Amino acid sequence: MEKHTNKKRTKQYFGLLIFFAISINSIFAVSWSSLRIKPEKEYCFSGETCQFTLEIPGVLPSRVDTTVQSTPEGVTIESSSKEEYVKDGVRGTLIKLNFRFSKAGTYKIPSLATRIDWWSYSIKFLPITVYDNPILMQPVLSSDLQKNLEVGKPTTFTIYGKFFNELTNINFELDTKMILTKNKDINPLPYHIGTFSTETYPLAEFTIIPLEEGNFKLPPIYGVFRNYAGNTVSIPLGEISLKSKRESATTSENSEDSQFQSVFSTNFPEAYEEISENPVLTPIDESQVLLENLKNQVKQKNIFIIATIISSILLLLSFVLFIIFAILKKKSAMITFLCLFAIFLVSTIYFSVVTNKKEAISLACSVKTVPEENSNTVMQLSTGDKIRILESISHWYSIESEDNRKGWILQNQCILINQGELEKLEKAGN
């Protein structure tokens, strides 16, 4: 009888250990599945080998197995390896994966199937932009000219260049419907870049003054470049459709109101003084909106961090009490603390996931379809909008808005939600 009791108790303890192992693994699964496989460089060229790496801290290579499930069309895997590494006194596994891309484009490789001990995870690849061989590339011209103009009103805009070795000159044509002048070359010509770069460089500043109302095209503007192959080429700015209109009627009405107000104040000064005491509305200070929104979001994030810590402590405490009452054979108490353990486990995982989300507050900007300044606009963000950072590539962020729309913005067009960024913004405001 005693042997049977001991055997039964052994099975219970064994079951508890398995349950504890599963629970602990569920918590670590959140951090492991949040790892990302990063390209060695921000970009690579078609036809060349591009290396991606994944670091798994605290896990030795003997415990890790990986499988590349599939690759997009035009992408082949050349080799893979895993080795042990040590960083900041912590040993871990470094996985290296080499891919070859047959053509240019932005690629997202399907998740890597990763097995750590008995448990399987899907670890995502960060996207990478692949360019053609620089020798085959031609320079690109772009501008920041707005499309709606006012007749007789000067508008200044800048011409930008990309993928060039050297700029030797910028030429433009005239048009009878407008005055177009080049104010200055932003850098002395010839402007030499040299090595390949994905940056977009400001080249020259122009001013345009429409002379009549209607729709028209911007006169041709050409950049004379030396490309990476060493050839001199003339590259035109893409066709830009513009619309000009005369000063709105509201402005002239305001002018008449000003004249009336002047006459009225001269003849009835007491009444004018009474009216002038009314408060004057001022434009909203966008920096203040940004600061207040960032404060609120950082406060919320800190609440989730505290909730994660408290939930983790209660999780451990409920498990310890469950073990104690299991040894004491208090069935009702065991069930109670087992239920509490499950609740705190779920809440801990949830709070951890929310805390690890990378979020930001946007500045007023356009969201692009792809990480290119000349690409189409998906939507407009206002200063203070909350966005979620999905991925980053070069100086771009892939973002998701609160209404679940996605796109790309420049990294300097938003402020990450964390205490460090808040302190910087407050210091800049002071």
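Some notes on this structure:
- FRET efficiency, Thr158 to Val68 (Cβ-Cβ, R0 41 Å, nearest 0.05): 0.40
- For region 132-161, the residues whose amide N sits under 15 Å from a probe point set 7 Å from the Cα of Ile209 along the beta carbon direction are 150-157.
- Under 5 Å between amide hydrogens, built in the peptide plane, is the criterion, and for Ile193 it picks out Glu166, Leu167 among residues at least 5 positions away or on other chains.
- Loop-located GluC sites (Glu not before Pro) across region 81-179 with a Cβ neighbour count of 16 or fewer within 10 Å are Glu173, with loop assigned by DSSP.
- P(r) weight above 18 Å for region 283-430, C-alpha pairs, percent: 65 percent
- The Cβ shell under 13 Å around Lys103 holds other residues with a net charge of -2, Lys and Arg each +1, Asp and Glu each -1.
- Square roots of 5 times each gyration tensor eigenvalue, C-alpha, region 81-155, largest first, Å: 46, 19, 15
- Pairs of Lys in region 321-415 closer than 17 Å at Cα, counting only those 8 or more apart or on different chains: 7
- Cα centroid of region 220-238 to Cα centroid of region 158-213, whole Å: 11 Å
- Mean-position separation - Cα centroids, region 33-98 and region 134-153, in angstrom: 39 Å
- Once the C-beta distance of Val90 and Ser375 is scaled by a Förster radius of 41 Å, the resulting FRET efficiency is 0.50 to the nearest 0.05.
- Estimated translational D of region 185-228 in µm²/s (Stokes, Kirkwood radius over Cα pairs; 25 °C; 0.890 mPa s): 179 µm²/s
- Taking all protein chains as shown and a probe of 1.4 angstrom, Val346 keeps an accessible surface of around 100 Å².
- Solvent-free Debye scattering, log10 I(q)/I(0), computed from the Cα coordinates of region 89-232 at q = 0.09, 0.14, 0.20 Å⁻¹: -0.50, -0.81, -1.17
- Cα centroid separation - region 371-419 against region 105-133, whole Å: 22 Å
- Cross-link table Lys147/Lys295; Lys301/Lys427; Lys41/Lys301; Lys103/Lys243, entries beyond 29 Å C-alpha to C-alpha: Lys147/Lys295; Lys41/Lys301; Lys103/Lys243
The values are calculated or read from the model by the stated rules, or taken from the named source; none is laboratory data. The structure displayed is predicted, hence computed values, not measured ones. No Cβ is skipped: glycine too gets one built from the backbone with ideal geometry, and neighbour counts run over all protein chains shown. Heads up: the accessible areas ignore ligands, DNA and RNA and are worked out on the full protein's heavy atoms, side chains in. Shrake-Rupley method; radii C 1.70, N 1.55, O 1.52, S 1.80 Å.
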